[in-house]
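See below for the structure under consideration.
Any read-out appearing in this document is the output of simple, stated calculations on the displayed coordinates, not a laboratory observation. All of these numbers come straight from a predicted model, not from anything done at the bench. All Cβ positions, glycine included, derive from the backbone under ideal geometry; neighbour counts span all protein chains shown.
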Amino acid sequence: MTLAIAVGMGVAILAVSLWVVRMLATPPPAEPDPDQVTEVAVDYRCIVCGMRLTVTHAQDAALEAPRHCREEMVEVP
């Protein structure tokens, strides 16, 4: 019984260690091209908690609403 518990804990520690090493070895995403970034001024508000956010730069022409509290934020006029 003790051997099974020790083997299970060893496998769990090995799995977590491999996961951490993979996360550390993954390179960060590439920087966006400055020519594709445009200045915008769009205000959003979370419909759940009321947090406000102003987006000042966007990379895509079709700006999507960010998510907060697991819900999409609404644009404030």
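Express the Stokes-Einstein translational diffusion coefficient of the chain in µm² s⁻¹, to the nearest whole number, given a Kirkwood radius over alpha-carbon pairs, 25 °C and a viscosity of 0.890 mPa s. Write down the numbers at each step before the final one.
Numbers: Rh = 16.7 Å.
Answer, rounded: 147 µm²/s.
Placing dummy labels 7 Å off each Cα toward the beta-carbon, the span from residue 63 to residue 30 is 2.5 nm. Amide hydrogen proximity for residue 68: with H placed 1.01 Å from N in the peptide plane, the residues at 5 or more positions away or on another chain lying under 5 Å are 73. Using the Karplus relation 6.51 cos²θ - 1.76 cosθ + 1.60 with θ = phi - 60°, the per-residue 3J(HN,Hα) values for the stretch 44-54 come to 10, 9, 6, 7, 8, 10, x, 4, 10, 9, 10 Hz, with x marking Gly and Pro. Note on the chain: with a GNM built from Cα contacts shorter than 10 Å, the maximum mean-square fluctuation among 25, 41, 62 falls on 25. Charging the Cβ of each Asp and Glu at -1 and of each Lys and Arg at +1, and nothing else, the dipole of the chain about its Cα centre rounds to 620 debye.
Phi angles across the stretch 22-35 convert, under the Karplus curve 6.51 cos²θ - 1.76 cosθ + 1.60 with θ = phi - 60°, into 3J(HN,Hα) values of 5, 5, 6, 7, 6, x, x, x, 5, 5, x, 6, x, 6 Hz, Gly and Pro given as x.
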